[in-house]
2 protein chains.
Amino acid sequence: MTKELFNKHITKFINISSEECENITSFFTLKKFAKKTILLHAGEVCRFEAFVIKGCLKTYFIDKNGFEVILTFATENWWVSDIASFQQEKPSQMWIETIEDCELLMINQADKERLLTTYPVLEKMFRLLVQRHLVTYQERLFGNIALTAKERYEVFLHKYPALPQRIPQHLIASYLGVSPEFLSRLRNKKKKPLE
Amino acid sequence: MTKELFNKHITKFINISSEECENITSFFTLKKFAKKTILLHAGEVCRFEAFVIKGCLKTYFIDKNGFEVILTFATENWWVSDIASFQQEKPSQMWIETIEDCELLMINQADKERLLTTYPVLEKMFRLLVQRHLVTYQERLFGNIALTAKERYEVFLHKYPALPQRIPQHLIASYLGVSPEFLSRLRNKKKKPLE
DNA sequence: CAAAAACATTGACCTATGTCAAGAAATCAA
DNA sequence: TTGATTTCTTGACATAGGTCAATGTTTTTG
């Protein structure tokens, strides 16, 4: 069954029986979304935390010229939400949108509270997830200051080896903080030595 | 007494009596450090979380050419630590160093656990602190991609109006991700219109 | 399946920011 | 107080990466 991915994910963080796992899953709702569906508009309060069963999403800000700046990609086994907006119920600055058709396990604020009351042991998992997230941003900030575009692209390929085959290249450019043209040139320069 | 800052800080996050507050404070140790003391070396496990009573610190990575890239400044009323290293007891990639003489309220892992067992209500405060931290990184990443150096400097001045008078300018340059020379030029261009 | 839309590539040129070097100013430490 | 450091400024020059425009390619959609 499709939710097994989720059980496996949970047991990576905490020790728990498979019945309990099933029960935890029942706090979530499985939802499907078509490609290019916007799940969160900047200005809205984020009402979900979602675990990606299938598909790929992006979270992004919009800059002063109306261009997307991609903060994160979320694929299978990742979580996606604007955590600060979700937990403090304040308007988000962020957009969340599917890049492919997606299946998500979603939970809202009230159910998450019930879940944590029922399984306090999950506090730890959510805490670790936030921390992991924080570390990711630290590393990206560092990379954006200390590395060249080429180096950042290599780090990206290493971290998300499957993504370039799944999503348009200009989204990767946005994530790396370079123009689509420049990323194209980088890739083509890289290939040359093979000829 | 100097720890009042801390009590005030805590009560901003949670509702708690002043005796309880005193007691919470007793889990921490007040320590003083001279300027330019390294409190955490990359490669070590971070053994503290510290609340800044007085002074200023920086957290930074070292790039491949041996240059600092400053991730955060911490001044009065801020916390400083490598949270991921502290909580998972794994080696840090980060350096933490005082920029001025400092007074810090520090706590180690064991005492933090005891503290949270005694005052579970503090979980919320620490959760909010991590989230706030996360949002800060999100915004900086966005800024570093979407804004010019000049704009980032203006954001910085707005966020830390008192810092330029306290710390050397090249540290600000490192935080902004520009060379010290370029920041100097930015500042001097800005002044011109006044003549 | 054809037309439209989205995406990628390439060239020409531009600009924000970096690097190096030298000197001036400020701060520190004995 | 006076060297010694550390920090800041300025000039000359270099470069990573951006912008715009044209064209080709792929994907989507009616």
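The values are calculated or read from the model by the stated rules, or taken from the named source; none is laboratory data. Predicted model, so just to flag it, every value in this text is computed and none were measured. Please note: Cβ atoms are built from the backbone with ideal geometry, for glycine as well, and neighbour counts cover all protein chains shown.
Things to note:
- Positions within segment A:110-167 being more than 13 Å from chain B (Cβ to nearest Cβ), in a loop (DSSP other than H, G, I, E, B) and among the β-branched types (Val, Ile, Thr), in sequence order: A:Val121, A:Ile167
- Test: residue in segment A:93-107 that is away from chain B (no Cβ under 11 Å), part of a loop (DSSP other than H, G, I, E, B) and not charged (D, E, K, R): yes
- Residue check for B:Lys150: of a type in the set (D, E, K, R) and under 30 Å from A:Arg132 (Cα atoms): no
- Among the criteria (1) hydroxyl-bearing (Ser, Thr, Tyr); (2) surrounded by 15 or more Cβ atoms within 10 Å (Cβ to Cβ); (3) within 13 Å of DNA strand D (Cβ to nearest atom), the one B:Ser184 does not fulfil is (2).
- If you go through segment B:29-52 and keep only what is more than 16 Å from DNA strand D (Cβ to nearest atom), of a type in the set (D, E, K, R) and under 17 Å from B:Glu76 (Cβ atoms), you end up with B:Lys31, B:Lys32, B:Glu49.
- Candidates are the residues of segment A:171-181 that are part of a helix (DSSP H, G or I) and within 11 Å of DNA strand D (Cβ to nearest atom); the one that is surrounded by the most Cβ atoms within 10 Å (Cβ to Cβ) is A:Leu176.
- Selection status of B:Ile83, touching a Ser or Thr at 6+ places or on another chain (Cβ under 6 Å), within 28 Å of B:Tyr153 (Cα to Cα), modelled with pLDDT of 95 or more and not basic (Lys, Arg): no
- Leading residue by the ranking (nearest to B:Glu44 (Cα to Cα)) among those in segment B:74-88 that are surrounded by fewer than 22 Cβ atoms within 10 Å (Cβ to Cβ) and within 11 Å of the chain's Cα centre (by Cα): B:Trp79
- Out of B:Phe142, B:Phe156, sole residue that is within 16 Å of the chain's Cα centre (by Cα), modelled with pLDDT of 95 or more and within 30 Å of A:Thr59 (Cα to Cα): B:Phe156
- Number of positions in segment A:43-90 that are more than 18 Å from A:Phe33 (Cα to Cα) and among the hydrophobic types (A, V, I, L, M, F, W, C): 10
- Pair list, Cβ < 8 Å and 6+ apart or interchain, from segment A:176-190 residues that are more than 18 Å from A:Val69 (Cα to Cα) to residues that are near DNA strand C (Cβ under 9 Å from one of its atoms): A:Arg187/A:Gln169
- Within segment A:34-46, the set of residues being under 16 Å from the mean Cα position of the chain (by Cα), part of a loop (DSSP other than H, G, I, E, B) and surrounded by fewer than 16 Cβ atoms within 10 Å (Cβ to Cβ) comprises A:Lys35, A:Lys36, A:Thr37, A:His41.
- Matching residues, segment B:16-33, being out of contact with any Ser or Thr (no Cβ under 7 Å at 6 or more places or on another chain), in contact (Cβ under 8 Å) with a residue 12 or more places away in the chain and not in a helix (DSSP H, G or I): B:Ile16, B:Phe27, B:Phe28, B:Thr29, B:Leu30, B:Lys31, B:Lys32
- Per the listing B:Cys21, B:Cys46, B:Cys102, the residue uniquely at negative phi and within 16 Å of DNA strand C (Cβ to nearest atom) is B:Cys102.
- A:Leu186 vs. criteria within 13 Å of another protein chain (Cβ to nearest Cβ), over 30 Å from A:Thr29 (Cβ atoms) and within 14 Å of DNA strand C (Cβ to nearest atom): no
- When segment B:64-84 is limited to residues that are over 16 Å from B:Ile172 (Cα atoms) and touching a Leu at 6+ places or on another chain (Cβ under 8 Å), the one that is farthest from the other protein chains (Cβ to nearest Cβ) turns out to be B:Glu76.
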